[in-house]
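First comes the structure, then the notes that go with it.
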Amino acid sequence: MKYISEFRQQGLAQQLAKAIAQTVDPDRHYRLMEFCGGHTHAIFRYGVQDLMPDNVEFIHGPGCPVCVLPTGRIDNAIQLAGQHDVILCTYADLMRVPATGRNSLLKAKADGSDIRMVYSTQDALKIARENPERQVVFFAIGFETTTPPTAVIIQQAQAERLANFSVFCNHVLTPAAMQAILDAPQPVSSAIAPGIALPPASMQSIDAFLGPSHVSTVIGSQPYETFAEHYAKPIVIAGFEPLDVMQSSLMLIRQLNEGRCEVENEYSRAVTRQGNLKAQALMQDVFELRPQFEWRGLGLIPNSALQLKASYADFDAEQRFNMPAIQASDVKGCECPAILRGAKKPQDCKLLGTVCTPENPMGSCMVSSEGACAAYWSYGRMRG
Ligand code: SF4
């Protein structure tokens with residue numbers, strides 16, 4: 001398949017592995033954060049880590065929209081479905097994310113709440129048109145990739161005067177999360193020779209970023225330039241196929257060796273510097289910045305999420321149902337918050353593969369198809 005099979009060729013992977021091995025400086029350790037869960041799954045599914053020299057380490061980042069949603073927002077959705085007799089429409093990944101008291105949207109559905117899985121935002125709008133006597137709420141999550149389709153249905157609902165439709169908005173912003181990670185204390189230099197024991201992951205620095213691919217098709221590569229400039233961190237926008245990840249890693253290693261801190265675009269087949277201006281205009285019409293938003297693992301981050309503008313307030317479920325802010329705790333022993341900060345890895349969690357499995361997830365990172373724990377489980381890394 002075009003744009004897929006040619007980015008999975010074994011011979012090219014071996015050539016790239018050789019080029020990386022010849023390029024790395026053996027006297028330093030390279031810590032590359034792959035921002036997206038899509039990168040994490042490519043790394044483990046295709047054995048990319050095994051093709052890297054020992055001193056090139058991938059740190060898993062927070063770019064999994066299901067994973068970073070805090071428990072309180074799932075509790076909100078369960079309450080909404082149970083107490084207000086609404087039809088709650090959601091993507092399937094969210095159904096099994098643990099909520100407070102070992103609850104989940106799936107359990108709430110089994111207990112009688114009308115919670116429906118949808119494949120697109122348009123499905124939710126269709127359900128609202130077909131059920132004019134019921135309130136229908138779309139549980140909207142995701143980074144900038146999934147925000148424009150939510151903007152479209154809000155505009156459509158307003159144009160059609162759909163009085164029974166609203167959106168529970170949880171859309172979050174990638175650059176804000178990247179900034180939060182960079183603003184966290186990172187006191188230890190990464191220039192560590194192989195064979196020397198590494199300090200705990202939470203005390204190490206991140207050298208460079210494999211930047212988001214799908215998000216960047218919308219926002220472009222320009223928003224990352226400030227991170228390269230002010231934080232001196234190289235960034236390469238990287239596609240989700242294994243050769244994309246390897247080529248991008250080589251580009252980052254070259255930047256680090258040469259002391260350059262630039263934004264480079266490996267995923268040039270889909271990403272431009274400006275991004276998708278039409279999608280950006282849609283988002284700007286419907287949404288505005290929230291003053292702050294809670295992220296699982298990263299805490300409260302200012303200006304890191306979106307809410308509906310006043311001109312679309314009629315379609316804001318939080319206002320329509322007067323939804324409270326809920327502070328909730330994660331399951332005891334679950335290391336999702338530290339994993340999402342890049343401070344720990346799934347194998348650091350004692351529950352991985354014992355108490356916590358995809359059939360019985362204790363945290364969001366085991367549920368989502370983009371979650372780091374799901375990647376370790378699916379591709380056997382928790383045994384390594
Ligand atoms: S293995 Fe399960 S409990 Fe442990 S961090 Fe991952 S999701 Fe949380």
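Data overview
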quantity: Tabulated pairs, segment 325-348, first among the small types (Gly, Ala, Ser), second part of a helix (DSSP H, G or I) and within 9 Å of the ligand (Cβ to nearest atom), C-beta under 8 angstrom, 6+ apart or interchain; calculated: ALA338/ASP348
quantity: Residue in segment 141-161 that is free of Cβ contacts under 8 Å to residues at least 40 places away in the same chain and over 30 Å from GLY220 (Cα atoms) present; calculated: yes
quantity: Number of positions in segment 8-52 that are surrounded by fewer than 20 Cβ atoms within 10 Å (Cβ to Cβ) and aromatic (Phe, Trp, Tyr); calculated: 1
quantity: Out of ALA140, ALA42, ALA77, sole residue that is touching a Phe, Trp or Tyr at 6+ places or on another chain (Cβ under 8 Å) and not in a helix (DSSP H, G or I); calculated: ALA140
quantity: PHE293 vs. criteria of a type in the set (Phe, Trp, Tyr), modelled with pLDDT of 95 or more, under 18 Å from the mean Cα position of the chain (by Cα) and more than 30 Å from ARG8 (Cα to Cα); calculated: yes
quantity: Some residue of segment 175-186 being farther than 30 Å from ALA21 by Cβ, modelled with pLDDT under 95, surrounded by fewer than 14 Cβ atoms within 10 Å (Cβ to Cβ) and out of contact with any Asp or Glu (no Cβ under 7 Å at 6 or more places or on another chain); calculated: yes
quantity: Search result, residues across segment 261-287 that are charged (D, E, K, R) and either touching a strand residue (DSSP E or B) at 6+ places or on another chain (Cβ under 6 Å) or more than 20 Å from HIS171 (Cβ to Cβ) (or both); calculated: GLU262, GLU264, GLU266, ARG269, ARG273
quantity: Subset of segment 298-307 (residues that are in a loop (DSSP other than H, G, I, E, B) and crowded, with 17+ Cβ neighbours inside 10 Å); calculated: LEU298, SER304
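The values are calculated or read from the model by the stated rules, or taken from the named source; none is laboratory data. Keep in mind the model is a prediction, meaning the values are calculated, not measured. All Cβ positions, even for glycine, are placed from backbone atoms using ideal geometry, and neighbour counts span all protein chains on display.
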